[in-house]
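What follows is calculated from the coordinates using simple rules that are stated; it is not laboratory data. No experiment lies behind these values; they were computed from the predicted model shown. All Cβ positions, glycine included, derive from the backbone under ideal geometry; neighbour counts span all protein chains shown.
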2 protein chains.
Amino acid sequence: MISPNRILAGDCRTILPTLPEASVDLVFADPPYNLQLHQDLHRPNGTIVNAVDDAWDQFADFAAYDKFTREWLTACRRVLKPDGALWVIGTYHNIHRVGAILQDLHFWILNEITWIKTNPMPNFRGVRFTNAHETLLWAARSRGARYTFHHHAVKSLNEQLQMRSDWVLPVCGGKERLRANDGAKVHSTQKPEALLYRVILSTTNPGDLILDPFFGTGTTGAVAKRLGRRWLGIEKDAAYRRAAQKRIDAIPETRLPEEDLATPDPRKRERIPFGRLLEEGMLSAGDTLTFGERDGAKARILADASLSCKGKRGSIHQIARLLHGGPSNGWDRWFALDRRTGERISINRLREELREKEK
Amino acid sequence: MISPNRILAGDCRTILPTLPEASVDLVFADPPYNLQLHQDLHRPNGTIVNAVDDAWDQFADFAAYDKFTREWLTACRRVLKPDGALWVIGTYHNIHRVGAILQDLHFWILNEITWIKTNPMPNFRGVRFTNAHETLLWAARSRGARYTFHHHAVKSLNEQLQMRSDWVLPVCGGKERLRANDGAKVHSTQKPEALLYRVILSTTNPGDLILDPFFGTGTTGAVAKRLGRRWLGIEKDAAYRRAAQKRIDAIPETRLPEEDLATPDPRKRERIPFGRLLEEGMLSAGDTLTFGERDGAKARILADASLSCKGKRGSIHQIARLLHGGPSNGWDRWFALDRRTGERISINRLREELREKEK
DNA sequence: CAGGCATCTGAATCCTTGT
DNA sequence: GACAAGGATTCAGATGCCT
């Protein structure tokens with residue numbers, strides 16, 4: 001029997017073999033991502049981005065990272081009960097290495113969860129898409145093994161909506177973010193408690209033992225304590241351990257609000273860009289729009305969903321402002337020819353139809 | 001030179017080696033993820049049919065899939081131009097195998113996109129979270145290689161907001177879904193055209209050659225045709241090929257001019273040396289510039305269009321870097337007095353006026 | 001005290017061209 | 001290919017100051 005609710009000092013690959021096997025109900029692991037950043041990044045305003053360049057995130061190559069991954073996953077699997085489960089979080093830099101090795105080690109993936117960040121860092125140079133999500137893998141110890149899933153808990157708010165594999169949550173910041181006296185982040189990659197709240201509530205029972213082999217500043221322990229689960233952390237760094245211990249000691253026995261569990265329906269957060277009508281084929285590049293219900297100015301739709309009108313190029317709103325001379329909602333101003341009827345139809349009507357289609 | 005816009009019959013692993021190397025701009029691949037592992041394992045009630053936990057059995061299956069993946073990825077990489085790129089779509093069943101092998105083959109992941117389905121198939125039994133997303137990987141042919149990304153086009157598509165890595169789109173259904181006379185789906189995993197629209201618009205140029213090694217019912221070809229790109233499909237199944245050909249033939253040839261298909265890119269505009277503003281008489285040697293919109297450091301313009309500031313001499317960019325500490329675009333930093341109005345005006349505005357004049 | 005405006009920051013594999 | 005130089009580039013949310 002493991003003595004729970006404490007932080008063990010050291011590398012999980014050496015600590016884990018000293019623990020009894022088949023004694024842990026859930027592993028939550030936030031391993032190094034192997035980010036490999038090689039230069040400074042500046043925001044457009046000239047400030048520099050605080051990079052994740054910690055020593056613990058440095059690996060020589062993929063082979064070294066794979067070896068590390070295989071070792072800690074193997075060690076975790078040994079201490080897991082047969083009906084225990086494991087969560088790992090990562091990004092494209094590492095998650096595919098982890099996922100493949102996980103499968104090789106006979107873990108059985110139950111779900112992939114995509115954590116959609118409401119407030120990610122933008123791509124400042126405009127050279128890629130904003131990296132706005134991270135990936136969590138939830139896996140049973142082996143194929144066919146039993147596992148814990150509290151369907152009733154996650155559906156308690158609203159049938160269906162909260163059970164999806166996309167979780168929309170802000171990144172960890174504000175008062176929740178642990179900071180040193182000088183304002184510096186204690187840990188460069190602290191996870192939000194809301195994320196762990198969902199994980200722990202949905203896939204463990206009260207009293208279960210939750211192990212975090214990369215404890216960091218102890219988000220897993222904090223939420224476990226809040227939710228009446230036992231926990232065990234392993235962490236190499238003494239400063240992280242101190243911060244985590246202090247944080248967890250200060251946790252009152254209050255619960256986080258239930259609404260932290262609610263996953264907003266993507267249909268609810270839709271702000272449909274005009275471009276979606278093109279992507280859906282409801283309109284095509286080259287089509288002509290008319291300004292106003294009766295004969296008005298004509299505009300040609302371009303492939304990027306901007307309009308071309310009288311030598312100007314801009315969004316439906318920009319061109320509408322131009323023509324109207326004042327603030328204007330392009331959705332109400334522009335009309336297309338309906339392909340089905342040949343009648344003039346407002347692009348707003350087309351948007352409504354798209355909304356219907358997405359249900 | 002490959003003859004484009006046609007469907008080649010056969011297995012891409014045998015067809016691809018017959019094509020010339022370094023001839024393709026983009027690969028979009030929707031590979032099968034029919035791991036034997038996933039068949040005949042669970043009864044409808046969730047019990048295990050054949051709970052073989054034979055390590056070798058499993059390994060053999062993953063190994064077979066890995067071998068297949070390595071083969072088609074290697075073959076695709078050969079036909080890719082050095083600055084070409086590759087997209088793959090998959091789910092947690094296969095995407096981690098693909099992602100890891102991709103990296104092993106020295107592809108360089110640029111983004112992971114998570115396609116959030118507005119209307120996924122619910123998990124009726126409530127034993128897991130509803131799988132509401134699929135994953136796309138976008139990778140350059142190698143680390144540090146150039147690649148195509150039309151930042152402004154996708155920004156325009158998204159109402160002037162930078163496009164993120166989470167794409168919220170409905171699954172393919174309705175009129176778009178190809179169906180046989182009996183109403184049966186022609187292809188079980190037909191992808192929505194909206195997905196390909198975003199991929200193709202953002203990461204290819206008009207006229208580029210797009211290869212789809214698992215063509216299926218030809219969504220890639222259909223959208224490529226709509227957007228004025230060339231395409232090449234490889235497909236084993238004759239029924240899929242027939243459906244794809246018919247579908248694509250029904251799409252009218254795009255005759256949009258290049259400028260309607262592409263979005264103007266400020267990075268591609270002709271450079272105007274600062275000295276031109278002096279030559280044009282918009283500024284004069286001896287004039288004073290101010291650093292920043294509000295009162296900042298002063299600099300004197302010299303006859304050779306360099307600036308003199310605090311005993312240093314250099315270009316608008318060099319002096320800006322000096323004052324600002326970090327990379328800096330001098331055009332945005334320096335302000336002059338407008339001779340016409342006496343107001344402070346950005347030298348960038350003056351440059352814009354010059355550009356207008358030169359049209 | 002409310003509201004407005006400026007500032008700061010977050011797991012980021014973040015430039016392009018000419019010499 | 002290395003190097004120097006030009007110059008393009010950001011979103012949401014929290015915090016704090018000022019009026």
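The table that follows gives values for the structure above.
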{"item": "Qualifying lysines (Cα of each under 26 Å from Cα of B:Lys191; at least 8 residues distant if same chain)", "result": "A:Lys117, A:Lys268, A:Lys357, A:Lys359, B:Lys67, B:Lys81, B:Lys117, B:Lys155, B:Lys175, B:Lys225, B:Lys236, B:Lys246"}
{"item": "Residue-averaged [θ]222 nm for the protein assembly as shown, counting only DSSP H segments that reach four residues, each worth -39500 (n - 2.57)", "result": "-8000 deg cm²/dmol"}
{"item": "Distance between the range A:304-318 and the range B:246-325 - C-alpha centres, whole angstrom", "result": "24 Å"}
{"item": "Test item: Cα-centred dipole of the protein assembly as shown, Lys/Arg +1 and Asp/Glu -1 on Cβ, debye", "result": "1260 debye"}
{"item": "Beta bridge orientation in the protein assembly as shown: antiparallel %, DSSP, nearest 5", "result": "60 percent"}
{"item": "Charge dipole (debye, nearest 20) of the range B:136-284; +1 at Cβ of Lys and Arg, -1 at Cβ of Asp and Glu", "result": "500 debye"}
{"item": "Estimated dipole of the range A:270-357 in Debye, rounded to 20 [Cβ of Lys and Arg +1, of Asp and Glu -1, Cα centre]", "result": "320 debye"}
{"item": "Distance (nanometres) between label positions extended 7 Å along Cα→Cβ at A:Trp56 and B:Ser142", "result": "3.5 nm"}
{"item": "7 Å along Cα→Cβ, label-point gaps from B:Gly10 to other copies, nm, shortest first", "result": "5.9"}
{"item": "For chain B, share of DSSP beta bridges that run antiparallel, in % to the nearest 5", "result": "60 percent"}
{"item": "Overall form of the protein assembly as shown per C-alpha gyration tensor (a/c, 1.5; a/b vs b/c)", "result": "oblate"}
{"item": "Loop trypsin sites (Lys or Arg not before Pro), the range B:286-342, which have at most 16 other Cβ atoms in a 10 Å radius of their Cβ (DSSP)", "result": "B:Arg294, B:Lys310, B:Arg339, B:Arg340"}
{"item": "Spatial separation of Cα centroids for the range B:167-200 and the range A:1-28, in angstrom", "result": "48 Å"}
{"item": "Full-stretch length increase - B:Ala9, B:Lys298 - with 0.36 nm per residue and alpha-carbon distance subtracted", "result": "97.1 nm"}
{"item": "In degrees, nearest ten, helix B:193-203 long axis to first principal axis of chain B (Cα)", "result": "40 degrees"}
{"item": "Folded to 0 to 90 degrees: helix B:55-79 orientation relative to chain B principal axis, Cα", "result": "50 degrees"}
{"item": "Principal-axis tilt of helix B:347-358 within chain B, Cα atoms, nearest 10 degrees", "result": "80 degrees"}
